[in-house]
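Here's the structure, in structure tokens; my notes come after.
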Amino acid sequence: MPAPRAGSTTGPVWPARISARLPGWTRALAADLAPDLAEDIGSRRWCRGMVTLLALIGLALAFWPDLSALEAAPASRIDAAAARELRAQGLSGARAAVPSGPALAPHPALRRVASVAERPEIARTTELPAGDSPGDSLGRLFQRAGVSASDAARATDLIAATVPLARLAPGTRVDLVLGPRPAPGQPRRLERAALRARIDLALTVSRAGAGLVLERQPIPVDTTPLRIRGVVGSSLYRSARAAGAPPSAIQEYLAALDSHLSLEGDIAAEDRFDLVFAYRQAATGESEAGELLYAGLERAGPQGPRPVLELLRWGRDGGFYSAESLSRPSYVQTGPGLMMPVNGHVTSLYGQRFHPILGYTRMHAGVDFGAAWGAPIMATAEGVVSYAGFHGGHGNYVRLEHGGGLGTGYGHMSRIAVAPGQRVRAGDVIGFVGSTGLSTGPHLHYEMYRNGQTVDPLGMRFAAVTRQVDPRELGAFRARLAQLKALQPGALLAAGARTVSRLALR
């Protein structure tokens, strides 16, 4: 190839002349098919590069791999009999409309028979479920076990005639023996049903001829009071449970205390709880916690622990009383006049008295009614609320004006339910019993005013005085209280009854 002449440029002139003499496919290969797409945008050279890019993308997509599952060849060939066997034993049998689970495929020699012989008797054990109607639950229990409807109804009636079905606790175990069927496809006859109705009574329903009879089996039960003591700590309930008291006794204990003091503000962590409940143990070994008999609370002092509350279950109503509440008079309304402001008993009368907090004798310008914390306080007559709010030593206080110069006041409330200017009628709730202000416990301080001066609210025109118990009953009360307080704490627990639980029904 001759060298370029002098004065000529060395640009792409001579390569273009050479490529012009080459064949067409060679010229295509020599063309710039992948130029920089960031240069000469929109030119023929740029469009040629874009075509090249799209062609490469399409080529890559054409060779994209297939992600479908590949099935490997089986290790051994499965014939029709083996496939049927595997289908009967595998979980996939449900999709193939055959029984699933570890069942063998039927042999071709098997034949369907008209009936199969059954056992003459079947023994079953079941438990009484929780339900709204214990009678219906017991009847359904028998029928679910396979008992005929007539035998289930008869057995339920026999048990209900002896023990109210409502007292059968959920979870009561029932042992059943079912006899033969009267006819194919019919429910079985009830031969025997045994259950523990109470800790002291077992019942057995058995067949006698064509009917059913009930047999009562009384069980001796020893009832001994059990005393539990301990420190309140951060939680009274958890501390009592840790000491061995059952939940039912703790709930009764808290309810008894709640009627005399505030569980939130009047009990300190260093106080000591003291409770006595009935512990019942059957001759067959079952045990259960009975009702609470005594509820006490002690507080540490400079001269040792002193009782804050000593409550004993007493009387036909089963309520908790202290010796002080039994020995004081009780006031009830008789004849026309104002109604009583709260359902409670008088703890302090109108007149001079020694103030338990201030420590000196001064005029007590009202009457104190002991009542449960949160008990409703009612207006004693129709009137208008002249004051409702905090009032010094009265705490949360409500004042009513009834007209004619007569007014009433209600102090130490836990919560006020009325507002100043509101008109109320006799019996309307104006607040709730509490222990705010100068107060040693939950009670209502009730005052009455005539022409701005306090008067005795318990005038004979408003209330009469009665006595709750006679001296002989008070003596019996104190003797029983001393008997329970003389018990050694945890004596039964130390003897081996480590857990006081619900009756284990058998």
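Can you tell me how many residues within the stretch 410-427 are surrounded by fewer than 16 Cβ atoms within 10 Å (Cβ to Cβ) and at positive phi?
2
Looking only at the stretch 257-290, count how many residues are closer than 27 Å to SER325 by Cα and assigned to a loop (DSSP other than H, G, I, E, B).
The total comes to 13.
The conditions are (1) in a strand (DSSP E or B); (2) at pLDDT below 90; (3) open to solvent by 40 Å² or more (accessible area, probe 1.4 Å), and GLY407 fails exactly one of them. Which is it?
It is condition (3) that GLY407 fails.
Among the listed residues ASP175, ASP222, which satisfies the condition of being acidic (Asp, Glu) and at pLDDT below 90?
ASP222
Output the number of the condition that LEU61 fails; it satisfies all remaining conditions of (1) open to solvent by 90 Å² or more (accessible area, probe 1.4 Å); (2) out of contact with any helix residue (DSSP H, G or I) (no Cβ under 8 Å at 6 or more places or on another chain); (3) modelled with pLDDT under 85.
Tallying (1) open to solvent by 90 Å² or more (accessible area, probe 1.4 Å); (2) out of contact with any helix residue (DSSP H, G or I) (no Cβ under 8 Å at 6 or more places or on another chain); (3) modelled with pLDDT under 85, LEU61 fails exactly one: (3).
Just a yes or no: is a residue in the stretch 300-323 open to solvent by 50 Å² or more (accessible area, probe 1.4 Å), under 30 Å from ILE199 (Cβ atoms) and under 23 Å from the mean Cα position of the chain (by Cα)?
No, because not a single residue in the stretch 300-323 is open to solvent by 50 Å² or more (accessible area, probe 1.4 Å), under 30 Å from ILE199 (Cβ atoms) and under 23 Å from the mean Cα position of the chain (by Cα).
Just to be sure I understand, how many residues within the stretch 389-404 are closer than 22 Å to GLY265 by Cβ and open to solvent by 20 Å² or more (accessible area, probe 1.4 Å)? Steps first, please.
Kept after step one, since they are closer than 22 Å to GLY265 by Cβ, are these residues of the stretch 389-404: 389-398.
From what is left, the residues that are open to solvent by 20 Å² or more (accessible area, probe 1.4 Å) are 390-394, 396.
Here the count works out to 6.
Give the stretch 379-399 a look and list any residue that's in contact with an Asp or Glu (Cβ under 9 Å, 6 or more places away or on another chain) and either over 18 Å from PRO442 (Cα atoms) or assigned to a strand (DSSP E or B) (or both), or say none.
Answer for the stretch 379-399, where residues must be in contact with an Asp or Glu (Cβ under 9 Å, 6 or more places away or on another chain) and either over 18 Å from PRO442 (Cα atoms) or assigned to a strand (DSSP E or B) (or both): ALA379, GLU382, GLY383, VAL384, VAL385, SER386, ARG399.
Which number in (1) of a type outside the set (Val, Ile, Thr); (2) touching a residue at least 60 places away in the same chain (Cβ under 8 Å); (3) touching a strand residue (DSSP E or B) at 6+ places or on another chain (Cβ under 8 Å) marks the one condition that LEU158 misses?
Unmet for LEU158, out of (1) of a type outside the set (Val, Ile, Thr); (2) touching a residue at least 60 places away in the same chain (Cβ under 8 Å); (3) touching a strand residue (DSSP E or B) at 6+ places or on another chain (Cβ under 8 Å): (2).
Say we look at the stretch 203-228 and pick out the residues that are touching a residue at least 24 places away in the same chain (Cβ under 8 Å) and under 18 Å from VAL174 (Cβ atoms); which of these is surrounded by the most Cβ atoms within 10 Å (Cβ to Cβ)? Even if it seems obvious, please write down each step before you answer.
Step one: of the stretch 203-228, the residues touching a residue at least 24 places away in the same chain (Cβ under 8 Å) are 203, 205, 207, 211-214, 216, 219-228.
From what is left, the residues that are under 18 Å from VAL174 (Cβ atoms) are 203, 205, 207, 212-214, 216, 219.
Details: LEU203: 21, VAL205: 23, ARG207: 16, LEU212: 20, VAL213: 12, LEU214: 16, ARG216: 11, ILE219: 14.
It comes out as VAL205.
Sort out for me the strands (runs of 3 or more DSSP E) sitting completely within the stretch 140-256 that have 3 or more residues that are out of contact with any Ser or Thr (no Cβ under 6 Å at 6 or more places or on another chain) and under 30 Å from PHE273 (Cβ atoms).
Details: elements: 173-178, 190-198, 201-208, 211-218, 221-231.
Correct list: 221-231.
What are the residues in the stretch 376-388 that are crowded, with 22+ Cβ neighbours inside 10 Å, modelled with pLDDT of 90 or more and not β-branched (Val, Ile, Thr), if any? Spell out the reasoning first.
Start the filter on the stretch 376-388 by keeping residues that are crowded, with 22+ Cβ neighbours inside 10 Å, which leaves 377, 379-380, 383, 388.
Filter once more, so that each one left must be modelled with pLDDT of 90 or more: 377, 379, 388.
Matches in the stretch 376-388: ALA379, ALA388.
Before we move on, is ARG229 more than 20 Å from ILE122 (Cα to Cα) and of a type outside the set (Val, Ile, Thr)?
It is true that ARG229 is more than 20 Å from ILE122 (Cα to Cα) and of a type outside the set (Val, Ile, Thr).
Give the residue that is nearest to ARG181 (Cα to Cα), with candidates limited to residues of the stretch 137-171 that are open to solvent by less than 20 Å² (accessible area, probe 1.4 Å) and β-branched (Val, Ile, Thr).
VAL147
The values are calculated or read from the model by the stated rules, or taken from the named source; none is laboratory data. What you see is a predicted model; the values in this text were computed from it and never measured. A quick note on method: Cβ atoms are made from the backbone with ideal geometry, for glycine too, and the neighbour counts reach across all protein chains shown. We work out accessible area using only protein heavy atoms, side chains counted, and drop any ligands, DNA or RNA first. Shrake-Rupley method; radii C 1.70, N 1.55, O 1.52, S 1.80 Å.
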